[in-house]
């Protein structure tokens, strides 16, 4: 049988140590093929190879199957004919990040609860699916930090350069593969002690008091991947912060936000501010910016994100503050498409806050140039010509506008 493994290319390796620091490698000696190190390497020093391996027997829900020796549990399930999806509720296993950060793909391997995307199988192993509610949701998150500006979902009138306005944590794991990811050290983090939703809510509440702010945010990575964890987190956060001044803020790429998911976040969890990040309006641009190579998946992600913005404004416009992020870099998206984005957003609500973000050279996309101040002013003006009245531009000199 054949399976994939990661190969290190020594001449490309910068010896930055990131792979050892953040990647949840199941077996450094005998690669399991999770390919998390391939995704996480800023220098593309890890390549994918296909190798011949012996078949082994594993038992999935008590039934014997033949799979590739040393593969991940996720790959073993796929080889046995069990569907694995990057979208929730569409397969036997939901594995959106595939780097071990989001803890959405938990299974039992020989009675131990593990992440299927980074756990390795051997001959005779037993795999079982978890039943709903069988284990408490977990997630790797960062320590809280105070922020002067906040995220795209932070109202422009509270942003500051002299005082903290928000505390935030970042959740590991993302379903996108943006080559210019600015938070790649958390996006691809699979190492670290995962926290329960209550532990994370208590930590963020303590930070609120320490920094003397009312806004509490979660970003990523992509926070929405593990729905059970995120909804419990916000419910705990709401309970721990019952005062009317408390603002619960979610920044998200919105690619898996359904109407039902939004309803739960707002009505049951108390989310007050949402910052969807729209990475284009044409699927080709979305694929270039996000690194998603499966066109059908990219189309669904893109459609979901735009639908989420419209639903938030149509149904919760008087209850939830929505601030949209839009990327700009001449190497990634044209001004014509930016105008299309502006027209589409203005048709939803011309009063909606829109922050145009200057995508800069970082991570795997260090060959592009950071847009100049003049570039970002032009991008801001392009969106304003569409009728949008509250446009902010992120520039090399800080935020300008509206």
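The values are calculated or read from the model by the stated rules, or taken from the named source; none is laboratory data. What you see is a predicted model, and the numbers here were worked out from it, not measured in a lab. Every residue, glycine as well, gets a Cβ built from its backbone with ideal geometry; the counts of neighbours run over all protein chains shown.
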Can you give me the ranges of the strands (runs of 3 or more DSSP E) entirely in region 89-146 with at least 2 residues that are under 21 Å from residue 217 (Cα atoms) and out of contact with any strand residue (DSSP E or B) (no Cβ under 6 Å at 6 or more places or on another chain)?
-> none
Restricted to region 52-73, and to residues that are within 28 Å of residue 176 (Cβ to Cβ) and in a strand (DSSP E or B), which residue is nearest to the chain's Cα centre (by Cα)?
-> 72
Say whether the condition of being within 19 Å of the chain's Cα centre (by Cα), outside the structural domain of residue 40 (by TED's automatic domain parsing), surrounded by 18 or more Cβ atoms within 10 Å (Cβ to Cβ) and outside any helix (DSSP H, G or I) is met by at least one residue in region 290-305.
-> yes
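Report whether or not residue 151 is modelled with pLDDT under 95 and at positive phi.
Details: modelled with pLDDT under 95: yes; at positive phi: no.
No: the conditions fail for residue 151.
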Do we have any residue at all in region 324-339 that's part of a helix (DSSP H, G or I), at negative phi and out of contact with any helix residue (DSSP H, G or I) (no Cβ under 7 Å at 6 or more places or on another chain)?
-> yes
Only residues that are out of contact with any strand residue (DSSP E or B) (no Cβ under 6 Å at 6 or more places or on another chain), assigned to a strand (DSSP E or B) and closer than 19 Å to residue 183 by Cβ: list them for region 346-402, please.
-> 362, 365
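For region 199-215, does any single residue satisfy the condition of being within 25 Å of residue 301 (Cβ to Cβ), touching a helix residue (DSSP H, G or I) at 6+ places or on another chain (Cβ under 8 Å) and either in contact (Cβ under 8 Å) with a residue 60 or more places away in the chain or surrounded by fewer than 17 Cβ atoms within 10 Å (Cβ to Cβ) (or both)? Walk me through it before giving the result.
Initial filter on region 199-215 (within 25 Å of residue 301 (Cβ to Cβ)): none.
No, region 199-215 has no match at all.
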Mind listing whichever residues of region 78-88 are in contact with a strand residue (DSSP E or B) (Cβ under 6 Å, 6 or more places away or on another chain) and within 17 Å of residue 58 (Cβ to Cβ)?
-> 78, 79, 80, 84
How many residues, within region 7-53, are under 21 Å from residue 140 (Cα atoms), in contact with a strand residue (DSSP E or B) (Cβ under 7 Å, 6 or more places away or on another chain) and free of Cβ contacts under 8 Å to residues at least 40 places away in the same chain?
-> 2
Checked against (1) within 30 Å of residue 185 (Cα to Cα); (2) buried (at least 22 other Cβ atoms within 10 Å of the Cβ), residue 58 satisfies every condition except (1)
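Search region 195-215 for residues being assigned to a helix (DSSP H, G or I) and under 18 Å from the mean Cα position of the chain (by Cα), and hand back the single one that is farthest from residue 103 (Cα to Cα).
Looking only at region 195-215, we keep the residues that are assigned to a helix (DSSP H, G or I), and these are 197-211.
Okay, now just the ones that are also under 18 Å from the mean Cα position of the chain (by Cα), so 197, 200.
Details: 197: 12, 200: 15 Å.
If we take residues in region 195-215 being assigned to a helix (DSSP H, G or I) and under 18 Å from the mean Cα position of the chain (by Cα), then 200 is farthest from residue 103 (Cα to Cα).
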Report, by residue number, each residue of region 321-332 that is without any contact (Cβ under 8 Å) to a residue 60 or more places away in the chain and touching a strand residue (DSSP E or B) at 6+ places or on another chain (Cβ under 6 Å).
-> 326, 327, 328
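Would you mind stating whether residue 152 is under 25 Å from residue 400 (Cβ atoms), touching a residue at least 12 places away in the same chain (Cβ under 8 Å) and either surrounded by fewer than 16 Cβ atoms within 10 Å (Cβ to Cβ) or assigned by TED's automatic domain parsing to the domain that holds residue 193 (or both)? Reasoning before the result, please.
Details: under 25 Å from residue 400 (Cβ atoms): yes; touching a residue at least 12 places away in the same chain (Cβ under 8 Å): yes; either surrounded by fewer than 16 Cβ atoms within 10 Å (Cβ to Cβ) or assigned by TED's automatic domain parsing to the domain that holds residue 193 (or both): yes.
Judged against the criteria, residue 152 is a match.
Residue by residue, here is whether (1) buried (at least 17 other Cβ atoms within 10 Å of the Cβ); (2) free of Cβ contacts under 8 Å to residues at least 12 places away in the same chain holds:
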position	(1), (2)
246	yes, no
250	yes, no
256	yes, no
259	no, no
265	yes, no
268	no, no
274	yes, no
277	yes, no
287	yes, yes
Scanning region 216-244 for residues that are surrounded by fewer than 24 Cβ atoms within 10 Å (Cβ to Cβ), touching a strand residue (DSSP E or B) at 6+ places or on another chain (Cβ under 9 Å) and assigned to a loop (DSSP other than H, G, I, E, B) gives 241
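This table checks each residue for (1) in contact with a helix residue (DSSP H, G or I) (Cβ under 9 Å, 6 or more places away or on another chain); (2) outside the structural domain of residue 277 (by TED's automatic domain parsing); (3) at negative phi; (4) without any contact (Cβ under 8 Å) to a residue 12 or more places away in the chain.
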position	(1), (2), (3), (4)
350	no, no, yes, no
353	yes, no, yes, no
361	no, no, yes, no
368	no, no, yes, no
377	no, no, yes, no
382	yes, no, yes, no
387	yes, no, no, no
390	yes, no, yes, no
393	yes, no, yes, no
